[in-house]
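For reference, the structure discussed in these notes is given below.
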């Protein structure tokens, strides 16, 4: 069953609220070190300091409100988890592919990096034979290369393939 | 320049081949992403932002605007045929649209959606033209204090109207403002929150931020669970609604045009809200409210007209005042800033070609969309069959290429991926991105207007109270914030009483 709510908040909102509080405090400390100045002659830190303290205040209210839910609800009622039924493997593959792309881009060049990126995603998520993924990636890379580099004259890194 | 010679010059601008092409590209992409579930107009606009940097500002704005109102047309197609809204403003069309399709009346449903969209869209452009022009004349007298307070009000209202928890929306708005601070302080020249990255000295770019939050995180949200889609197997015929259909639809279309337009003007309003308001209004005043949801044409005509009428309304505050009322307009605002064009009441004097060109492009674009969506409907239905597992790697590749091309730096790509992951987690915890982006774009402008106001008044805050428009806007935003705080306080007291 869906868990209890208060002002649209749920139990699980405790953790992000904690992160916001820490973030707000960090912003306040960093801004304080930048010199605050006065209201009439504001220093570089004044605005971020005010924003940081606002963040702390608002997230404190979230933190306290969602914490009260732990007291009121009996231990039997649990919230429908937001992480239920998620295929983490799929997510992980995409995230790894995404992060690998900019890291490899300069070294391998656009053609190879984009091909690898597409090939991995097509072959993992499409159950058809591997040569479908191969063909689809080759086709997509050539179309995007033609469109961006040859037609729109966008500069993309060539990596070690200097001939183009 | 009066309205008619202005409009004429606008048509001269839009019929230049380059602008005409970009207008077509915009509405085409708009229809496409409207049809394809899993990516909405905001995501598509973010992804295509970099492509507008190489062309003139007018071509860029015309294309981005085309994506926005084009998506309103395309979104209804999937709602009717698949019962999955292509984008959020077409959610309500599912109710009666899909039922009509099941009864074998998919044709008139699609036809009425396109025609209603056309009527609503055209009405709102005419209204926009007659409202924005005089409004900008009046707004020329606005100074920094007025801007500061009006933008504050816009930000407060958007935050207030965000779905779900208000405190979460506030957190997002504050985070957006903090992200806007990153970079070099314009007054002292000191670096703020660059975390030691020299690439952050100029601040965070709008493009990787928007692409990450709306492009990448949207894909991640869609891919986390297996998607199954069933396309309604039906022959689409008789696209043109019958006389009976028209008779039933005239009222909803007229009412939808007005509600949509005026809700579009309001901060935080926009297409999604107006389609919902139109549907519930039609149901309330209908003689047979029980028939809504069983597949009647009124349930499509009203909301589909309203969501398109809202697109024109949303341009009023952007073009006349320089205040973006919703997230889509905020992206357009950002795109104009990149080109060095500052949207506001002076826009019409300094860049009449942008003001009138955009308005004229919307007439032309709506006509293009009618052609794209009525005779070519079969093409879009075929596209519906492209599975998401083929689509999403392409979307991701576009974001990767796009984010690189802004400055030819892989750093921007990494920034985008970071915000994509953050955005995904925020979505999971039901934080809404709209207040963040709006605050991020408005933040630096707010700070500048605030400092200029203080210079005008020699450092006295009284300037915000002594000027009537500034005072009213600030008082309204303060009242809105206060009413919520009081509401929360009352509820809390009630709870304390219960416990005792």
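Where a number appears in this text, it was derived from the coordinates with a stated rule and is not lab data. The model shown is predicted, which means the values in this text are computed figures rather than measured ones. Here Cβ is always computed from backbone atoms with ideal geometry, including for glycine, and neighbour counts include all displayed protein chains.
Residue B:15 to residue B:222: FRET efficiency via 1/(1 + (r/R0)^6), r the Cβ-Cβ distance, R0 35 Å, to the nearest 0.05?
Working: r = 39 Å, r/R0 = 1.10.
Computed FRET efficiency for residue B:15 and residue B:222: 0.35.
Modelled label-to-label distance, residue A:107 and residue A:57, 7 Å Cα→beta-carbon offset: nm?
Roughly 5.0 nm, to one decimal.
Count, for each residue of B:393-403, the Cβ atoms from other chains sitting within 10 Å of its Cβ, then give me the mean as a whole number.
On the way: counts 15, 7, 0, 7, 9, 2, 1, 9, 10, 2, 1.
Whole-number average of other-chain Cβ neighbours for B:393-403 is 6.
Return the FRET efficiency for the residue pair residue B:349, residue A:18: r is the Cβ-Cβ distance, R0 is 35 Å, and the value is rounded to the nearest 0.05.
Numbers: r = 51 Å, r/R0 = 1.45.
E(calc), rounded to 0.05, equals 0.10.
Sort segment B:141-227 into rounded, prolate or oblate with this rule: let a ≥ b ≥ c be the square roots of the eigenvalues of the Cα gyration tensor; rounded if a/c is under 1.5, and if a/c is not under 1.5, prolate when a/b is larger than b/c, oblate otherwise.
On the way: a/c = 2.45, a/b = 1.20, b/c = 2.05.
Oblate, because a/c is 1.5 or more while a/b does not exceed b/c.
Going by C-beta contacts inside 10 Å, put B:100, A:34 in order with the fewest on the left. Walk me through the numbers on the way to the answer.
On the way: B:100 22, A:34 19.
Fewest-to-most ranking of B:100, A:34: A:34, B:100.
Report, in deg cm²/dmol and to the nearest 500, the calculated mean residue ellipticity at 222 nm for chain A, where each DSSP H run with n ≥ 4 adds -39500 (n - 2.57) and the sum is divided by the residue count.
When only DSSP H runs of four or more count, the value is -22000 deg cm²/dmol.
Using only DSSP helix segments of four residues or longer, with each worth -39500 (n - 2.57), what per-residue ellipticity at 222 nm results for chain B after dividing by its residue count and rounding to 500? Intermediate values should be presented prior to the final figure.
Working: 22 runs with 354 residues, N = 500.
That comes out to -23500 deg cm²/dmol.
Pull out a ≥ b ≥ c, the square roots of the eigenvalues of the alpha-carbon gyration tensor of the protein assembly as shown, then state rounded if a/c is under 1.5, prolate if not and a/b is larger than b/c, and oblate in the remaining case.
Values: a/c = 1.22, a/b = 1.13, b/c = 1.07.
Rounded is the answer for the protein assembly as shown, as its axis ratio a/c remains below 1.5.
For the residues B:311, A:146, what sequence is obtained by ranking on other C-beta atoms within 10 Å, fewest first?
On the way: B:311 32, A:146 11.
Neighbour counts put them in this order, fewest first: A:146, B:311.
Full extension from residue B:379 to residue B:141: what is 0.36 nm times the residue separation minus their Cα-Cα distance, to one decimal in nm?
Details: separation 238, 0.36 × 238 = 85.68 nm, distance 5.01 nm.
Going from the current span to full extension adds 80.7 nm.
If you take the square roots of the eigenvalues of the alpha-carbon gyration tensor of segment B:98-158 and sort them as a ≥ b ≥ c, do you get rounded (a/c under 1.5), prolate (a/b over b/c) or oblate? Intermediate values should be presented prior to the final figure.
Details: a/c = 9.93, a/b = 2.43, b/c = 4.09.
Note, shape of segment B:98-158 comes out oblate.
Per 0.36 nm of contour for each residue apart, how much would the distance between residue B:483 and residue B:187 grow if the chain were fully extended, relative to their Cα-Cα spacing?
Details: separation 296, 0.36 × 296 = 106.56 nm, distance 3.57 nm.
Value of the extension gain: 103.0 nm.
Calculate the FRET efficiency for residue B:390 and residue B:452 from the Cβ-Cβ distance with a Förster distance of 45 Å, rounded to the nearest 0.05. Please list the in-between numbers first.
Values: r = 51 Å, r/R0 = 1.14.
Calculated transfer efficiency: 0.30.
Mind checking the mean number of beta-carbon atoms from other chains within 10 Å of the Cβ atoms in A:101-108? If you can, show how the numbers build up before the last one.
Working: counts 9, 12, 3, 1, 4, 2, 0, 0.
Other-chain Cβ atoms within 10 Å of each residue's Cβ, averaged: 4.
How much length would be gained if the chain were fully extended between residue B:472 and residue B:102, taking 0.36 nm per residue of separation minus their Cα-Cα distance, in nm to one decimal? Kindly include the intermediate steps, with their values, before the conclusion.
Working: separation 370, 0.36 × 370 = 133.20 nm, distance 5.16 nm.
Net length gain for the segment: 128.0 nm.
How far is helix A:14-33 tilted, in degrees, relative to the longest principal axis of the Cα atoms in chain A, given as a value from 0 to 90 rounded to the nearest 10?
Approximately 90 degrees, to the nearest ten.
Along the Cα→Cβ direction, 7 angstrom out, place labels at residue A:89 and residue B:418. What is the inter-label distance in nm?
Taking the two extended label points, one gets 3.2 nm.
Note down the nm distance, to one decimal, between modelled labels 7 Å out along Cα→Cβ at residue B:244 and at residue B:285.
Distance between label points: 2.4 nm.
Give me the inter-chain shielding for A:30-36: mean count of other chain Cβ atoms within 10 Å, whole number please. Could the numbers behind the result be given before it?
Numbers: counts 3, 4, 0, 0, 6, 2, 0.
Rounded to a whole number, the mean comes out at 2.
Just want the ordering: B:276, B:440, A:132, from fewest to most Cβ atoms lying within 10 Å of their own Cβ. Walk me through the intermediate numbers first.
Values: B:276 18, B:440 28, A:132 14.
So the residues, fewest neighbours to most, are A:132, B:276, B:440.
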